[in-house]
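Down below is the structure, laid out as structure tokens.
Quick note: the coordinates plus some simple rules give every number you see, no bench work behind them. Please read these numbers as outputs of a predicted model, since none were measured by experiment. A quick note on method: Cβ atoms are made from the backbone with ideal geometry, for glycine too, and the neighbour counts reach across all protein chains shown.
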Amino acid sequence: MRGDRTLFEELNLEIKPGSILRISGDNGSGKSSLLRILCGLLTPHAGKVFWGSDPITEDRDQFHGELIYLGHIPALKADFSAIENLMSLALLGGQSISNEEAMNALREAGLDPQAHRFIRTLSQGQKQRIALSRLLLPQPKSIWILDEPFNALDRDANRALQNLLINHVNCGGIVALSSHQDLQIDDNARVIRLEL
Amino acid sequence: MSTNASGFKIFQGVIARDLRLALRRKSDSLAVLIFFAVVASLFPLGIGPEQNLLMQIAPGMLWIAALLAAMLSLHKIFSEDFMDGSLDQIALTALPLPLVVLAKTIAHWISSGLLLALISPILALQFNLPMDTVGVLFISLLLGTPLLSLIGSIGAGLTLASRGGGTLLALIILPLVSPVLIFGAGAVESYQSGLGVAAHFSLLGAMLAIALFLAPFASAASIRIALE
């Protein structure tokens with residue numbers, strides 16, 4: 001529910017390991033809300049989200065230990081450098097990574113020249129790539145929930161991210177993302193459209 | 001080598017993160033200290049050089065100045081994380097949210113309340129307080145300022161998603177922290193009168209213990225509501 005408007009109802013979804021769910025829909029149709037419900041940030045008006053056989057509210061901390069959520073705001077601190085942000089986000093997510101591992105992830109994302117620059121000096125696309133470089137860290141979590149991850153990315157970064165998502169699901173991971181663009185990964189994804 | 005971080009490491013990491021951010025934005029902590037110094041200095045200027053009167057009112061004045069100065073930075077405990085999306089990541093951390101909130105509150109106290117307590121002896125000089133009384137004032141602030149941060153964190157969480165959160169925060173928090181002011185200033189006044197301070201310190205300590213246990217849960221609940 002948003003105010004007194006029902007965003008969606010009778011939604012019954014199962015996301016199996018090794019699969020991608022793409023949520024599409026117009027602005028305001030509830031894509032972000034659905035993703036926030038999936039990761040437990042938003043409580044649905046009715047219904048439950050299960051992880052395995054248990055509702056995610058049963059053992060929230062264990063579920064969150066398996067999850068990477070990237071919202072539509074990149075969650076970066078303007079007064080930290082790119083590498084500091086990445087290490088800080090990894091630690092909040094329960095991963096202790098070395099400087100070298102963070103640097104490798106940034107290098108893979110093509111951001112090594114910006115590693116020690118403050119976030120406030122970077123472009124929107126670079127900020128988005130720094131947030132996404134969490135997905136390149138060693139021992140990635142199994143569930144990736146990504147809200148408009150392709151926003152502000154150039155063509156090469158867009159392609160690299162789609163390849164990364166395919167690799168993740170090929171290794172048994174789960175991806176749920178929202179995007180209003182048509183993507184190459186749609187061939188491997190289940191696409192649902194939310195109507196206004 | 002990447003490893004799973006223990007709960008304690010995440011807890012430490014949150015404190016270190018917030019302290020590093022406070023160091024990068026020294027102006028925030030500095031504004032609190034300057035406000036404390038200015039307010040505490042206005043009273044002797046307004047009242048005049050009546051030494052006995054200044055000594056008498058010093059505990060209350062310094063405590064009120066510290067309380068108002070601490071209020072300045074309370075809304076920032078969570079608001080910046082809320083604005084830049086970091087609060088989502090904090091709510092999704094593998095550590096229980098009340099513990100993350102406690103870590104953030106500790107960092108907030110170090111970057112504001114502790115500094116207020118540390119400069120209080122210098123400001124007490126203009127009230128002509130004897131050194132032993134200054135010591136009691138310092139200890140009362142050391143016990144009282146963490147309470148301001150803990151109680152303030154509840155208000156900061158409750159007012160996160162509201163417009164004009166700063167004013168609302170003050171309206172919610174000021175009545176709640178009045179016992180801290182009463183017993184904090186009361187400890188110094190009691191010492192000045194030749195009475196013991198143990199009762200006041202015990203009460204402050206008891207309030208601190210209760211707040212340490214309860215406030216993070218209340219703040220965490222208010223944050224979850226704000227994120228909805």
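Remarks
- Order by protection proxy (mean Cβ within 10 Å, highest first), peptides B:127-140, B:144-157: B:144-157, B:127-140
- The order of A:Asp187, A:Asp79, going from fewest to most other C-beta atoms within 10 Å of their C-beta, is A:Asp187, A:Asp79.
- Axis of helix A:99-108 versus longest Cα principal axis of chain A: the two differ by about 70°, to the nearest ten degrees.
- With respect to chain B, whose longest principal axis is taken over its alpha-carbon atoms, helix B:51-74 is tilted by about 10°.
- Proximal lysines relative to A:Lys16, as straight alpha-carbon distance under 16 Å, when same-chain residues fewer than 8 apart are discounted: A:Lys141
- The range B:15-227: relative contact order as a whole-number percent, Cα under 8 Å and 6+ apart: 27 percent
- Exposure proxy order (Cβ contacts within 10 Å, fewest to most) of B:Leu45, A:Leu137, B:Leu68: B:Leu45, B:Leu68, A:Leu137
- When peptides A:87-95, A:172-180 are sorted by average Cβ neighbour count within 10 Å, with the highest value leading, the order is A:87-95, A:172-180.
- Here is the size of the range B:15-227 from its Cα atoms: Rg then Dmax, 17.5, 57 Å.
- CD proxy at 222 nm, helix term only [per DSSP H run n ≥ 4: -39500 (n - 2.57); per residue of chain B; nearest 500]: -28000 deg cm²/dmol
- Fewest-first sequence of A:Ser133, B:Ser6 by Cβ atoms within 10 Å of each Cβ: B:Ser6, A:Ser133
- Cα gyration tensor category, rounded, prolate or oblate, for the range A:76-138 with a/c compared to 1.5: prolate
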